[in-house]
Amino acid sequence: MSAPAVVRIEPRRGIRLAELGELWSHRELIWVLATRDVRVRYRQTVLGVAWAVLRPILAAALMTLVFGRLAKLPSEGLPYSLFALLGVVPWTFFSGAVASASESLLGAQALVTRVYFPRLALPLAALGAPLVDLAVSLVLALGFALSSGLRPSATWTLVPVGLAILFLAAAGLGAGLAALNALFRDVRHLVPFALQLALYASPVVYPASLVPERYRAAYFLNPVAGALEAFRGGVAGSPPDPALLAISGASALALLIAGVALFLRVERRLADVV
Amino acid sequence: MTLAIRAEGLAKRYRLGGHRPGRLLYEEIGARLRRRSAPPGDRPDGWIWALSDVSFEVAEGEVVGVVGRNGAGKSTLLRVLSRITEPTSGRAEVRGRLASLLEVGTGFHPELTGRENVFLNGAILGLGRREIAARFDEIVAFAEVERFLDTPVKHYSSGMFMRLAFAVAAHLEPDVLVVDEVLAVGDAAFQRKCLGRMESIAESGRTVLFVSHNLAAVRTLCASVLVLEGGRAVFRGPVEEGLARYERQLASGGGELERAAFSGPLASELVLERLRLRQAGREVAAVDPGLPLELLLEGRAEHDFRSLDLAIALFRDGFRLFTCHDGPSGQPLGAGRFESRFELPANLLRPGVYTVGAGGQRPGLGGWVWADDVTRLEVSERGAMEIDGRDLGALTVTYAGSRRSVVEERVSPARP
């Protein structure tokens, strides 16, 4: 039997990167927490997991009516309903993931104040249930694209790229907001509003090509912009400019690092403030 | 000798009225500005030291009782050792995996079934699915919840909940097991089972830190104790010596009641300050069920009361067993300090932990002050554990009665 590791307990200064290693040894926990959320999510609902499909359909239908029919926004040659659905599906994942990750610490007070584990497991696990919803609604979106006459092509490889950017951005933003939310409950009220704003700051109901050329690089600093354009453009066979996509990718990565760093800084005070 | 735990100068400071949980952003900014402008030493927020300069060692395989009055720092110490909260200064080393059972049902999700919760808890303790699966049957058998494994735990009784929580923590074979007060819940049979399990954990060479007000359990289980007082470690050594010290600590200046616990219109006019237990003329921490018990309630009346009744009540599992008074109704109470005495006969209470309520009222509901939970009262086991599954419950009622066989009369059908 190998000698058990000695755990040192002392006041910490700054950020402890060793925690990321600990996170790996607790991967089972992330898995269990995530599956817990998935299981609980649709318990005691009549429609169950159908909600994962219904919500984007309803949202896309509403957008088609308001932005497609009434406002007559352009849709890059796609039928507006398909355009909207291809925007709404990844957007629903992003907003759902950010919202649930930002609530993850507060929702787990009982755990945080009573047992030790790398706290980063909480916002990460909170991404699980939205991911499952995404997988389900992705089938819907791609099915709709196929039935509208689009055929898989080389540009479909951009779909996972877009989703990866979206995931990194959601993880970083979620972790950072979760930490801030534990310190200041204002965040809880701010997040839904900020997500509402972000919906209009991202190419969900309109194409990014609507943004004037000279602002476009700045526009793609919003990682959701690159992610959505890669996703929708990939499916439709009209990929975005790789340079713009790179901006979004880099910005997602920066968001991830900043969010995790903020989280690790706040984390050691968590049990005392939650 | 290998050390399982070594603590050096551990200290933990909490801010009073400082960063409150869930404060709003503008409040925080305001508080920071005020703090900055206030001269040092005259700051609006005070600090309290929940732990100060605590150093001790625990050898591998030792079972150590941690005792101390409420607020002595026991829970804070366990939280620091469990890495739930960081020490303000000092350091500690823990060898191996530490599992803590600090509260009933830690990390249980009410919507999930018993089975799912076992895996969730195991994962929180850092175990893999396979390791948990290997011990699953043992856990379930110990907790006696086989039939309800696939029921969400929100439908569990508190007893079942408790059993499952203890079973998980006790069967996951941590190197160090930290247990806080769990024996205060659950029935006597379950408590005995838990003690047995902790004994076998100890025998298997694992280290156990055991916090309890149940001195009989500490005696049975632990060879040595750590006594905390006001956030400091004041004793670390053999169990009898330590418990004697703790009991003296309780007797002297002990039994202070928390003012905030009381409510009612008379709360500011009638202040109840102390409740002490006395048996055979000596103050005690735990009650010997074989001797009569006196409860001494001290307090202060801010003015003369023409008539005032003082009472205590005993609760068990949230159920009021009885209320008793220090005399007939309608007695006057003069301004100033008073001491009121309540007598309970020998052999009334069975071993276990009770909650004491106390208060006073003007007859005819003309104003009152009351608290349901001013202190706990522990009745210890007497001699050998002589429970044979017959004498259950809180009060001792010996068999009184008789039995006879009844010959059933044959009833002939009534004639129309």
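Read the figures in this text as sums done on the coordinates, not as results from a lab. In this text, all values refer to a predicted model and were calculated from it rather than measured experimentally. Note that we place each Cβ from the backbone using ideal geometry, even for glycine, and neighbour counts take in every protein chain shown.
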Exercise. Among B:Thr207, B:Thr355, which comes first, then next, by fewest other beta-carbon atoms within 10 Å?
Worked result: B:Thr355, B:Thr207
Problem set entry | Helix axis angle, A:242-267 relative to chain A longest principal axis, alpha carbon, degrees | 30
For this session: Mind jotting down the three principal axis lengths of region A:142-252 based on Cα atoms? Whole angstrom, largest first.
Result: 49, 34, 23
Seminar exercise, completed: Cα-based Rg and Dmax for region B:259-379, in Å, come out at 14.1, 40
Exercise. Summing -39500 (n - 2.57) over the DSSP H runs of n ≥ 4 in chain A and dividing by its residue number, what mean residue ellipticity at 222 nm do you reach, to the nearest 500 deg cm²/dmol?
Worked result: -21500 deg cm²/dmol
Exercise. Mean projection of the alpha-carbon convex hull of the protein assembly as shown over all orientations, in nm²?
Worked result: 48.2
Problem set entry | Shape category assigned to chain A from the gyration tensor of Cα positions, a/c cut at 1.5 | prolate
Exercise. Of A:Ala246, A:Ala170, A:Ala129, which is the most mobile in a GNM of chain A whose springs link Cα atoms less than 10 angstrom apart?
Worked result: A:Ala246
Seminar exercise, completed: Kirkwood radius from Cα pairs of region A:1-80 plugged into Stokes-Einstein at 4 °C, 1.567 mPa s, gives D in µm²/s equal to 71
